[in-house]
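Participant: Below you'll find the structure I mean.
What follows draws every value from the coordinates through simple rules; no lab data is involved. Being a predicted model, the structure only gives us computed values, none of them experimental. Every residue, glycine among them, receives a Cβ derived from its backbone with ideal geometry; neighbour counts consider all protein chains shown.
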Amino acid sequence: MNGTSDETRSRRSIYLLPNAFTTANLFAGFYAVVMAMDGRFEVAAIAIFLAMVFDGMDGRVARLTNTQSAFGEQYDSLSDMTSFGIAPALVMYEWALQDLGRWGWLAAFIYVAGAALRLARFNTNIGVVDKRFFQGLPSPAAAALVAGFVWLAVDNKFSVQGGVLAWTAFAFTVYAGLAMVSNAPFYSGKSFALGRSVPFWVIVVFVAAFVFVSSDPPLVLFGLFVIYGLSGWGILLWRLRKARKLSRRRQELPDEAPPADGQ
């Protein structure tokens, strides 16, 4: 009885440390919107990537310190909607999509609606889906896909005036929005435990990855998230092929012979 009471009290509690990271996530998303309104799109894109870092840390901290709570889950979802739903759409719209007229704001709305539906589905299916994979592109990765494109283009001084870049931005925005509500499985990384010991080569790979990203952050990060944004479809095709092979094998197996008389 005491165990149940302690668990209920823990679920209703409000913990400072994980919620401080969630607040930082929310602030970064809000700051991205403000910077986009000021025309500082590179800073806005970087703020969205920082929101991703804070979003990843709040859940990890909560699990490591055993400070999960129902309040934290709801606060995290609302913050994610701001940082990875509204902020990327507004940054992309202010940067390139507004030149496309109604097609621009429709693309931005598709992204926002996709993020809202993605988060709602995640919250309702959290106890029934495979924890190793996300159902649909996770909203932080979708935001990184959109913000990464903005960061890469601004960093390389690509011109939006020609129209080609604006329609490319349209395609990325719509794809990210639709991928979030798809059923494609994307690797979650939740099976990787930070608290366990790892071989020395893992540290070497981590350092090499850090150096690789530092060499050209806009290009490398955007490239990595493009690969991740397409990986779900590869996993889905692999699963379909595996299911078809299994179905063929079952059809090719001879029917079991009927038992002999008297047995």
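Participant: What order do you get for 166-178, 14-26, 76-88 when each peptide is scored by the mean count of other beta carbon atoms within 10 Å, highest first?
Facilitator: By packing density, highest mean first, the sequence is 76-88, 166-178, 14-26.
Participant: Pick out which of A70, A142, A89 has the largest mean-square fluctuation in a Gaussian network model of the chain, springs linking Cα atoms closer than 10 Å.
Facilitator: Ranking A70, A142, A89 by mean-square fluctuation puts A70 first.
Participant: Would you work out the charge dipole size for the stretch 22-178 about its Cα centre, treating the Cβ of every Lys and Arg as +1 and the Cβ of every Asp and Glu as -1, and quote it to the nearest 20 debye?
Facilitator: For this selection, approximately 320 debye.
Participant: Continuing with this model, one more query. Taking just the alpha carbons, could you work out the radius of gyration and Dmax for the stretch 51-107, both in angstroms?
Facilitator: My reading of the Cα-based Rg and Dmax gives 15.8, 48 Å.
Participant: Still on this structure, please answer the following. Return P(r) of the stretch 64-191 (all Cα-Cα pairs; 10 Å bins starting at 0; whole %; ordered from short to long distances).
Facilitator: All Cα pairs, binned at 10 Å, distribute as 13, 40, 29, 13, 4, 0 percent.
Participant: Further question: So how strong a dipole does the chain carry about its Cα centre when Lys and Arg Cβ are +1 and Asp and Glu Cβ are -1, to the nearest 20 debye?
Facilitator: 620
Participant: Express in nm, to one decimal, how much length is gained between L253 and L237 on full extension, taking 0.36 nm for each residue of separation and deducting their alpha carbon distance.
Facilitator: Between L253 and L237, full extension yields 3.3 nm more.
Participant: Compute the Kirkwood hydrodynamic radius of the stretch 212-254, taking the inverse of the mean of 1/r over all pairs of distinct Cα atoms, and give it in Å to one decimal.
Facilitator: The answer is 12.9 Å.
Participant: For the charge dipole of the chain, defined by +1 on Lys and Arg C-beta atoms and -1 on Asp and Glu C-beta atoms about the Cα centroid, which residue among I86, A47, M57 has the Cα displaced farthest towards the positive pole?
Facilitator: Going by the charge dipole, the pick is M57.
Participant: How high is the FRET efficiency from Q161 to L117, r the C-beta distance, R0 30 Å, rounded to 0.05?
Facilitator: Working from the Cβ atoms, E equals 0.35.
Participant: Between L230 and I126, what is 0.36 nm times their sequence separation minus the Cα-Cα distance? Round to one decimal in nm.
Facilitator: 35.2 nm
Participant: From the C-alpha gyration tensor of the stretch 135-254, pull out the three semi-axes of the equivalent ellipsoid (sqrt of 5λ each), sorted largest to smallest, in whole Å.
Facilitator: 32, 25, 12
Participant: Something else: Starting from the Kirkwood Rh over alpha-carbon pairs, what translational D in µm² s⁻¹ does the stretch 134-194 have by Stokes-Einstein at 4 °C and 1.567 mPa s?
Facilitator: Translational diffusion coefficient: 100 µm²/s.
Participant: Also, quick follow-up: Show the residues, 5+ positions off or on another chain, whose built amide H is closer than 5 Å to the amide H of Y187.
Facilitator: Hits under the 5 Å cutoff: F134.
Participant: Roughly speaking, what % of Cα-Cα pairs in the chain are separated by over 35 Å, rounded to a whole number?
Facilitator: 26
Participant: Between R40 and Q74, what FRET efficiency follows from the Cβ-Cβ distance if R0 is 35 Å, with the result rounded to 0.05?
Facilitator: Approximately 0.65, to the nearest 0.05.
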